[in-house]
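The values are calculated or read from the model by the stated rules, or taken from the named source; none is laboratory data. Note that the structure is a prediction, hence the values are computed from the model and not measured. Here the Cβ positions follow ideal geometry from the backbone for every residue, glycine too, while neighbour counts run over all protein chains shown.
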Ligand SMILES: Cc1cc2nc3c(=O)[nH]c(=O)nc-3n(C[C@H](O)[C@H](O)[C@H](O)COP(=O)(O)OP(=O)(O)OC[C@H]3O[C@@H](n4cnc5c(N)ncnc54)[C@H](O)[C@@H]3O)c2cc1C
């Protein structure tokens, strides 16, 4: 089949070496961390904003769909080019960050890997708290597009709280400069905030201005073990109710711990685990972790270690970060959810997940950022059984309804993409859904910017 004519023009814009159309390359850009797959017609790797703007102008004129892509670690199908067309990969826009220590901000290219950015700021005694479990691979641009977060949401919020400004190329190829380099700016509508979490459906992020903080001088981790996951969830509510603000409260249930133990070949010594971290001065860490340990021991009678040697802390963290890869080894397929409820409703949500698991006869592992009310119930199943997929979809739908009934949201950090499309209207209501769709049409009149995501046609 003849190559579409726009591909020759793409080569003129970025050079032939940065355009791929061969089968192997297309397959590599056809999936993310979900079950969805679709190949693009071309993958293009621009090196700067000017090239991105030219690519978008070309796509706009030729009416070709464009899917932005960071590292493809997304958990909602956002970077899958379901309508073919061009994948714009930001992997070459990764030239580190300009760090402005005296003003506590950094200007970062979208393809910079999150962990590399963190290391770069930490070398200067600074701190960027966003640390998704995928931080060794995912990009800053992908984090902004998904409004990613991670364990530290409880104390430090989400990516949204760190984005001061953005440079974005619009679907017509215009370069927009949004926000500011200051902590305050109320100059007009907050389009920066609109772009954060827009999942590549409104434009391509080509530069990010991120707020950074001074690095906390110390951290202290305590591990609390429980025999019942609901009790562990109640302990999370109690911690916060007692005016303690840990930087992290992570939960892992029995199924998750078993999976991690066999994945890492190490025993974790717990049935259900809460991993709690405090940061700040040494005195504050010691005092707050002691208060927290006493509370958990006293009210829940569980085992708490608050003097853990660094090796064990590293193991517990490794286990927590490996939860998803570890669970992928427990079944031929899985669906990972991202339900988030007000923290006081965590135990109720866990109870509902247990009932759904029982009613549908499907194992569901539960882990997540309990301090944020953000759980990742993971349904394990065997894809070969035709009926099971229907059961899984029905179980997931029940989970979405249960979390909304508890005043929660269907996605805390992974986004809507393809995975959550069927449920967005359920959360927003008709009027809210319509206004979002209208906004998308206004900003992307030809519907070329990551089409088919977030909304049903
Ligand atoms: C093992 C594992 C653990 C994870 N843990 C967490 C976690 O703890 N917290 C969390 O929040 N997420 C987590 N994730 C999900 C994922 O890593 C995040 O959503 C991450 O932000 C995606 O970044 P990426 O660079 O891989 O983006 P991609 O997957 O490539 O893209 C994600 C979305 O962003 C869009 N996009 C990417 N770059 C741009 C850009 N420059 N401009 C406009 N749109 C763009 C894409 O079109 C797509 O819609 C995890 C994933 C895995 C596989």
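Those strands (runs of 3 or more DSSP E) of region 1-92 in which at least 3 residues are farther than 17 Å from residue 417 by Cβ and at pLDDT 95 or above, considering only elements entirely within it, cover 42-44. I'd like to check something: does region 55-78 contain any residue that is under 13 Å from residue 204 (Cα atoms), surrounded by fewer than 20 Cβ atoms within 10 Å (Cβ to Cβ) and away from the ligand (no atom under 11 Å from the Cβ)? Checked region 55-78: at least one residue is under 13 Å from residue 204 (Cα atoms), surrounded by fewer than 20 Cβ atoms within 10 Å (Cβ to Cβ) and away from the ligand (no atom under 11 Å from the Cβ). The numbered conditions (1) within 24 Å of residue 333 (Cβ to Cβ); (2) more than 13 Å from the ligand (Cβ to nearest atom); (3) crowded, with 16+ Cβ neighbours inside 10 Å are all true for residue 413 except (2). Reported count of residues in region 17-50, each being farther than 24 Å from residue 454 by Cα, touching a helix residue (DSSP H, G or I) at 6+ places or on another chain (Cβ under 9 Å) and within 13 Å of the ligand (Cβ to nearest atom), is 2.
Just one of the numbered conditions (1) in contact with a strand residue (DSSP E or B) (Cβ under 6 Å, 6 or more places away or on another chain); (2) in contact (Cβ under 8 Å) with a residue 60 or more places away in the chain is not true of residue 120: (2). Looking across region 390-425 at every residue that is in contact (Cβ under 8 Å) with a residue 40 or more places away in the chain and assigned to a helix (DSSP H, G or I), the one that is nearest to residue 345 (Cα to Cα) is identified as 403. Close contacts from region 180-198, counting a first residue that is free of Cβ contacts under 8 Å to residues at least 60 places away in the same chain and a second that is assigned to a loop (DSSP other than H, G, I, E, B) and surrounded by 15 or more Cβ atoms within 10 Å (Cβ to Cβ), with Cβ to Cβ under 6 Å and a gap of 6+ residues or different chains, come to 196/147.
If only residues of region 178-218 that are within 23 Å of residue 51 (Cβ to Cβ) and out of contact with any strand residue (DSSP E or B) (no Cβ under 7 Å at 6 or more places or on another chain) are counted, the one that is surrounded by the fewest Cβ atoms within 10 Å (Cβ to Cβ) is 199. At least 3 residues being touching a residue at least 24 places away in the same chain (Cβ under 8 Å) and out of contact with any strand residue (DSSP E or B) (no Cβ under 7 Å at 6 or more places or on another chain) is the threshold, and among the helices (runs of 4 or more DSSP H) wholly inside region 305-389 those reaching it are 310-321, 346-360.
All of (1) part of a helix (DSSP H, G or I); (2) surrounded by fewer than 18 Cβ atoms within 10 Å (Cβ to Cβ); (3) touching a helix residue (DSSP H, G or I) at 6+ places or on another chain (Cβ under 8 Å) hold for residue 290 with one exception: (3). Return a yes/no flag: does region 264-279 have any residue that is within 16 Å of the ligand (Cβ to nearest atom) and under 30 Å from residue 393 (Cβ atoms). Looking through region 264-279, none of the residues is within 16 Å of the ligand (Cβ to nearest atom) and under 30 Å from residue 393 (Cβ atoms).
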